[in-house]
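Q: I have a structure here, written as structure tokens, and I will follow up with some questions on it.
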Amino acid sequence: MDEFFLANAATREAAAVAKAATESTPALPTLKEYYSRRFEKRLRLKVRPSTLEIYENAFENHLFPALLPVNPYSEDSPLRPLGEFRLDELKRSHMTALVESLMNKKMSRVLNLIEENADGTTTKTKKPVEFKLSRPSLRIILSALTTCLTNAQREDGLIPTNPALALGQFTVNAKNRHEGIDPLTLEEVPVFLQALRQVAPGFVPMFTVLIHCGLRSGEAAGLTWGDVDFKNRYLYIRQTWTPAGRLEKPKNGKERKVDLSDAAIASLEAHRVKLQKGYLKEGEAMPDWVFPNSDGKPFNMTNVRNRVFHVVLKKAGLHRRPLHSTRHTFATLLLNQGEFPVYVKEQMGHSSIKVTVDTYGKWIRTDDRRAVNKLPSIDSKVAATAAAATF
């Protein structure tokens, strides 16, 4: 009997110790708490401001407010915002539920339309449109969550495993953004440039460079004369000018050289002479920016898109496109003329040849028919020689 009570007491004592240990262990932070207290601060030390903005958008607008079932296996489970889940509560089932929620999420924006009336006047209207997140957008959002939880696991040891790994496999049916790229055609480029010369002649050098060099708009805005090598005929892309008015490294953090066409060189040389004369006449020092605005600073390319590019497209009788279409124009025209995809990849600064091929695959010119006709057949000399050698 004494042994029973002693054993029972030992059991109660062990349970009390375990309970005390559990109560003394602080609860893990929620995802939102961990992001604001630890992860965001580390991000600021590691990434560019524009990349930080992408993370902030992903968490604040898509991840934190996403309503997920507390128990994904129960149809009657209450819903809770993802940001309010403790790190140790997040399971793989929550992640798959998150992907489903994001893929079904309806986004909306308002388009500003300008309609021309019969009397020649114009009417501005606003048109709301709905859309779903594209596959690249989903990849960015899920990658932000994966990186955050990897940080919690490896840097802070708060969770044993990362439940958000390899979520991209569940987004294959989402729309791919590149399905809608809309470059200018070979015939449309001169039409556009002629209209540009009439509407905004001062922008002809900028758009010649955009179309002939395939630069991102921010890369063109951030060009300095020190980046232009007239002797060796190339541009050195080492920075980009953001819509927020900041200089940053190019996308992917890689600097690159871009070949200059004869037309681009001639346009830049004439543009530099004109700038020199203009600033000399005003008695001012010429800015180092290749394309300075009236204040001597880089252009806000959003304004260039709205006030120049779209206006000129309308003047030329061409349908409306994103400004990024000038970059697509460069790539598609080169590929359609038979240029090697590797060359286009290097000129555009893509992270891999896969990006180039996935984006512009249908414009890559091939001689497939001639290639297959080179294969040996039963009537070919190769087949006859091989057959003779067997006897």
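The values are calculated or read from the model by the stated rules, or taken from the named source; none is laboratory data. Small disclaimer: the values here were computed from a predicted structure and weren't measured. All Cβ positions, glycine included, derive from the backbone under ideal geometry; neighbour counts span all protein chains shown.
Q: What's the number of the condition Val204 fails, among (1) touching a Leu at 6+ places or on another chain (Cβ under 9 Å); (2) without any contact (Cβ under 8 Å) to a residue 24 or more places away in the chain?
A: (2)
Q: I need every pair where a residue in region 132-146 that is in contact (Cβ under 8 Å) with a residue 40 or more places away in the chain and within 16 Å of Lys106 (Cα to Cα) has its Cβ under 8 Å from the Cβ of a residue that is in a helix (DSSP H, G or I) and among the polar types (S, T, N, Q), sequence separation at least 6 or different chains.
A: Lys132/Asn104
Q: What is the one condition in (1) assigned to a helix (DSSP H, G or I); (2) touching a Lys or Arg at 6+ places or on another chain (Cβ under 9 Å); (3) not aliphatic (A, V, I, L, M) that Tyr55 does not satisfy?
A: (2)
Q: Here's a follow-up. Conditions first: (1) modelled with pLDDT under 95; (2) assigned to a helix (DSSP H, G or I); (3) basic (Lys, Arg). Arg320 passes all but one, so which condition is the exception?
A: (2) is the only condition that Arg320 fails.
Q: Please name all residue pairs, on different chains or six or more residues apart, with Cβ atoms under 8 Å, provided the first residue is in region 74-88 and is hydroxyl-bearing (Ser, Thr, Tyr) and the second residue is part of a strand (DSSP E or B).
A: Here the result reads Ser77/Pro69, each pair linking region 74-88 to a residue that is part of a strand (DSSP E or B).
Q: Of all residues in region 76-99, which are farther than 15 Å from Leu149 by Cα and within 22 Å of the chain's Cα centre (by Cα)?
A: Correct list: Val99 only.
Q: Assuming Leu260 fulfils every condition listed in (1) hydrophobic (A, V, I, L, M, F, W, C); (2) out of contact with any strand residue (DSSP E or B) (no Cβ under 8 Å at 6 or more places or on another chain); (3) within 26 Å of Asp182 (Cα to Cα) apart from one, which condition is it?
A: (2)
Q: Continuing with the same structure: Within the bounds of region 123-142, is there any residue that is of a type in the set (Val, Ile, Thr), at pLDDT 85 or above, under 22 Å from Pro81 (Cα atoms) and under 22 Å from the mean Cα position of the chain (by Cα)? Even if it seems obvious, please write down each step before you answer.
A: From region 123-142, those of a type in the set (Val, Ile, Thr) are 123, 125, 129, 140-141; that's our starting set.
Cutting the leftovers down to at pLDDT 85 or above gives us 140-141.
Next, from what is left, pick out any that are under 22 Å from Pro81 (Cα atoms): 140-141.
Then drop every residue that is not under 22 Å from the mean Cα position of the chain (by Cα), which leaves 140-141.
Yes, because at least one residue in region 123-142 is of a type in the set (Val, Ile, Thr), at pLDDT 85 or above, under 22 Å from Pro81 (Cα atoms) and under 22 Å from the mean Cα position of the chain (by Cα).
Q: Of all residues in region 266-291 being surrounded by 17 or more Cβ atoms within 10 Å (Cβ to Cβ) and without any contact (Cβ under 8 Å) to a residue 60 or more places away in the chain, which is nearest to Ser217 (Cα to Cα)? Before the answer, list the steps.
A: The first filter runs over region 266-291 and keeps only residues surrounded by 17 or more Cβ atoms within 10 Å (Cβ to Cβ), leaving 267-268, 271, 275, 287, 289-291.
With without any contact (Cβ under 8 Å) to a residue 60 or more places away in the chain added as a condition, the list becomes 275, 287.
Details: Leu275: 21, Pro287: 19 Å.
Applying the filter and picking the extreme gives Pro287.
Q: Name every residue in region 159-191 that is at pLDDT 85 or above, in a loop (DSSP other than H, G, I, E, B), on the phi < 0 side of the Ramachandran plot and surrounded by fewer than 17 Cβ atoms within 10 Å (Cβ to Cβ), in order of residue number.
A: Pro160, Thr161, Leu165, Asp182, Thr185, Leu186, Glu187 - these are the residues of region 159-191 that are at pLDDT 85 or above, in a loop (DSSP other than H, G, I, E, B), on the phi < 0 side of the Ramachandran plot and surrounded by fewer than 17 Cβ atoms within 10 Å (Cβ to Cβ).
Q: Sticking with this structure for a sec: Which residue, of Gly296, Gly338, is free of Cβ contacts under 8 Å to residues at least 24 places away in the same chain and loosely packed, with under 15 Cβ neighbours inside 10 Å?
A: Numbers: Gly338 fails: free of Cβ contacts under 8 Å to residues at least 24 places away in the same chain.
Criteria check complete, one pass: Gly296.
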